[in-house]
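Okay, so here's the structure we're looking at.
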Amino acid sequence: MEPIAVADGVLVPGSALSFRAVRASGPGGQNVNKVASKVELRVDLALVQGLTPSAQARLRTLAGPRLDAEGRLLVTSQRTRDQHRNLEDAREKVRQILGRALRPPRPRRATAPSASAREERLREKKSRAARKRARAASKREED
């Protein structure tokens, strides 16, 4: 199978890929039970070339539910009724997942609430406290 070029220096070799064609679900008329157009593409993540350790960790996190028992990435496609187009779609999905894993997340910058936001929070807090005090007082009067 042809390798998948993801970015400069990042390549999924053909030996890391294996695919299987299965019957697709959903409507399809008389063909649905005869034609195996859905594609299951498996990628052995250990064989992907050019990933940094941090990118590999992000990839494992992103792939989470798509990992099979052997730790391979499972991508399926049944978008079209054509097996070849579904295979290309699955390869594109692999390219997108790996591309997302290559981009490090933006660092979070701590921010402080504005003065007006703090005042609003305290105003709401006092209002809730007063409401509960009034409830407690009316409850005591009933008893």
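Every read-out reported here was derived from the displayed coordinates using simple, explicitly stated rules and does not represent laboratory data. As the structure is a prediction and not an experimental result, all values here were calculated from the model. Heads up, the Cβs are rebuilt from the backbone with ideal geometry, glycines too, and the neighbour counts pull from every protein chain shown.
Global dimensions of region 4-102 from alpha-carbon coordinates: Rg and Dmax equal 14.4, 48 Å.
Estimated from helices alone, the mean residue ellipticity of the chain at 222 nm is -14000 deg cm²/dmol (sum of -39500 (n - 2.57) over DSSP H runs with n ≥ 4, per residue).
Please count, across the chain, the pairs of lysine residues with Cα atoms under 30 Å apart that sit 8 or more places apart or on different chains. Show your work: numbers first, answer last.
Details: LYS34/LYS93; LYS38/LYS93; LYS125/LYS139; LYS126/LYS139.
Eligible lysine pairs with Cα atoms under 30 Å apart amount to 4.
As a rough footprinting exposure proxy, the listed residues GLU40, GLU142, GLU88, GLU120 were ranked by other beta carbons within 10 Å of their own, and the order from fewest upward is GLU142, GLU120, GLU88, GLU40.
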